[in-house]
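Have a look at the structure below before the remarks.
The values are calculated or read from the model by the stated rules, or taken from the named source; none is laboratory data. Everything quoted here is computed from the prediction, not taken from an experiment. Methodologically, a virtual Cβ is constructed for each residue, glycine included, from the backbone with ideal geometry; neighbour enumeration extends over all protein chains shown. Areas reflect the complete protein model, heavy atoms only, side chains present, ligands, DNA and RNA absent. Shrake-Rupley method; radii C 1.70, N 1.55, O 1.52, S 1.80 Å.
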Amino acid sequence: MRSAPELHACDQVLSSDQIDQTFKNFHAFSCLAIGVSGGSDSLALLRLLHDWQQRSRWPGRFLVLTVDHGLRDESAQEAEFVGDLCLKIGVDHRTLRWTSAKPTSNLQDEARKARYRLLAEAMSEDNAEALVLAHHRDDQVETFLDRLTRGSGVYGLGAMRADERSGPEGLRLLRPLLDFPKSQLQATLQQMGQGWCEDPSNDSTDYKRVRLRHLAAELAAEGLDVERLVETAGRLRRAADAIDAWVGQVLQSNVEEHPAGPLDLHCEQYSGLPEEVRLRLLSRLILRVTGNTYPPRLAKLEALDLALCTDEDVSLTLGGAQIVRFGGRFCFWKEAGRHPPETTNLCGQGSMVWDDRFRISSVRGEIVEEGMMIGPLAGAPAADGEFTFPEGMPRDAFATCPAIWRREKLLLVPGLFHSDPEIEASIAVEHLRKLPMRTV
């Protein structure tokens, strides 16, 4: 491991009072996961949390999780470094490895998805209530500038939340270090005598985040310093929260959801909303029906909104979602596309996530029936007898909804069909993304 670089004497070390104030709300939790890579940010988080726990006598426990993507030669060594430190200070540690085949395109995006998926699985096994991340004030600035270059709107430019209740994979994300600059975290580590792993890419202008860091220094010389950028991002987040509150009311009052997944709302109720509210509503509906982590780009949402507000007959796709005008209503569902939802075995599963949309669990603790499968309704065996699709939604809207069967006998389709009441009572099918909507 490379040791920590020399720091300037003016870098201020975090005091015990600052640390206690930073983590005071953590008393509400009994088990927390901490994402630690071995870099200075996450190691500072680990050491500060451990210091706070010892001093505050918090009775809960931490689980340190390190994700090894296998994309750099040093990653295994860095995970080992974190594991050795955790052993030394008496904290549980697990290394999570991304062992599946690596994609040839969108590698960074796929790696991020894999990271959160691995973290969510590990947290579920240990009943961790939230994931603590080491994002700091400099990250706020770099994220703001990066999204500004991409033409993001109020949501993209808004500051990261210290407490994000529904992050990737439905995880609750805690970011307690957002008020502190990276230099202060490194100074605190240095005072502890704690080294860290230094990634050479952190200083390479081949990477956009490094160029943005340099840009931030130039902007500061013109009066647009870090404090002002963070303040602006915070104000945009405040505006985004206000819009989200409005969207939440629309979801609860005007959007109907079928238990199998499709959504619909009245066309006139949609077109009567302000444009910014409509765009956020579209984003959330698309994420809801697809299970995607990220919404479509703002420009594509704007084009979709224009079509929905002006076209009489609409049948469009965006971000893996199908949007169709059906009578006087818009209906949203997940399209099958080139890669329809997978069919997989349920036997022996106590709980599993299917298609990044639904959690399937057994009321009795484990689904033990041999040959029990889950897959999209379009690929399921026919039901014994007809079942009726709901009025107001096209039949195609249910092609990718979850269906459970054994051998050639259809057992359960949420809200549409069950072979007997015992099956419906014994298997729970719940949507991962929680939104306040009425059920059809």
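What the table below lists for this structure:
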{"quantity": "Stokes-Einstein D for the chain, Kirkwood Rh over Cα pairs, 37 °C, 0.692 mPa s (µm²/s)", "calculated": "135"}
{"quantity": "About the Cα centre, charge dipole magnitude for the range 142-196 (Lys/Arg +1, Asp/Glu -1 at Cβ), debye", "calculated": "60"}
{"quantity": "For the range 182-259, with +1 on Lys and Arg beta carbons and -1 on Asp and Glu, the positive-most of VAL210, GLY193, TRP246 along the dipole", "calculated": "GLY193"}
{"quantity": "Accessible area (Å², per residue) of the chain, counting only protein heavy atoms and a probe of 1.4 Å", "calculated": "50"}
{"quantity": "Heavy-atom accessible area ranking, 1.4 Å probe, most first, across THR388, THR232", "calculated": "THR388, THR232"}
{"quantity": "Value of [θ]222 nm, deg cm²/dmol, for the chain, DSSP H segments ≥ 4, -39500 (n - 2.57) each, nearest 500", "calculated": "-12500 deg cm²/dmol"}
{"quantity": "Shape category assigned to the range 329-431 from the gyration tensor of Cα positions, a/c cut at 1.5", "calculated": "prolate"}
{"quantity": "The chain - percent of accessible surface contributed by carbon and sulfur, probe 1.4 Å", "calculated": "46"}
{"quantity": "Cα-Cα over 25 Å, subset of LYS24/LYS113; LYS113/LYS334; LYS102/LYS208; LYS24/LYS182; LYS102/LYS300", "calculated": "LYS24/LYS113; LYS102/LYS300"}
{"quantity": "Amide proton proximity set for ALA336, modelled H, under 5 Å, gap of 5+", "calculated": "none"}
{"quantity": "Which of GLY153, LEU63, LEU14, positive extreme of dipole for the chain (C-beta unit charges)", "calculated": "LEU14"}
{"quantity": "Dipole of the range 349-436 [Lys/Arg +1, Asp/Glu -1 at C-beta], most positive-end residue of VAL353, LEU377, ALA403", "calculated": "VAL353"}
{"quantity": "The range 92-138: C-alpha gyration tensor shape, a/c 1.5 cut-off, then a/b vs b/c", "calculated": "oblate"}
{"quantity": "Ranked packing of 51-59, 164-172, most packed first, by mean Cβ within 10 Å", "calculated": "164-172, 51-59"}
{"quantity": "Net dipole in debye of the range 98-173 [+1 Lys, Arg Cβ; -1 Asp, Glu Cβ; about Cα centre; nearest 20]", "calculated": "260"}
{"quantity": "Charge sum, other residues only, whose C-beta stays under 12 Å from LEU49's C-beta, Lys/Arg counted +1 and Asp/Glu -1", "calculated": "+1"}
{"quantity": "Size of the range 100-177 as Cα extents on the principal axes (Å, biggest first)", "calculated": "38, 34, 19"}
{"quantity": "Share antiparallel - DSSP beta bridges, the chain, percent rounded to 5", "calculated": "70"}
{"quantity": "Magnitude of the charge dipole, the range 33-88, Cβ model with Lys/Arg +1 and Asp/Glu -1, debye to 20", "calculated": "480"}
{"quantity": "Prolate/oblate/rounded call for the range 1-158, Cα gyration tensor, a/c under 1.5 rounded", "calculated": "rounded"}
{"quantity": "Karplus-derived 3J(HN,Hα), 6.51/-1.76/1.60, for each residue of the range 290-297, Hz, glycine and proline x", "calculated": "9, x, 5, 7, 10, x, x, 4"}
{"quantity": "³J(HN,Hα) computed for each position of the range 31-46 - Karplus, 6.51 cos²θ - 1.76 cosθ + 1.60, integer Hz, glycine/proline x", "calculated": "8, 10, 9, 10, x, 10, 9, x, x, 5, 4, 6, 5, 4, 4, 4"}
{"quantity": "Highest average packing first - 374-383, 253-262, 13-22, Cβ atoms within 10 Å", "calculated": "253-262, 374-383, 13-22"}
{"quantity": "Residues whose placed amide H lies under 5 Å from that of LEU14, excluding near-sequence neighbours", "calculated": "THR188"}
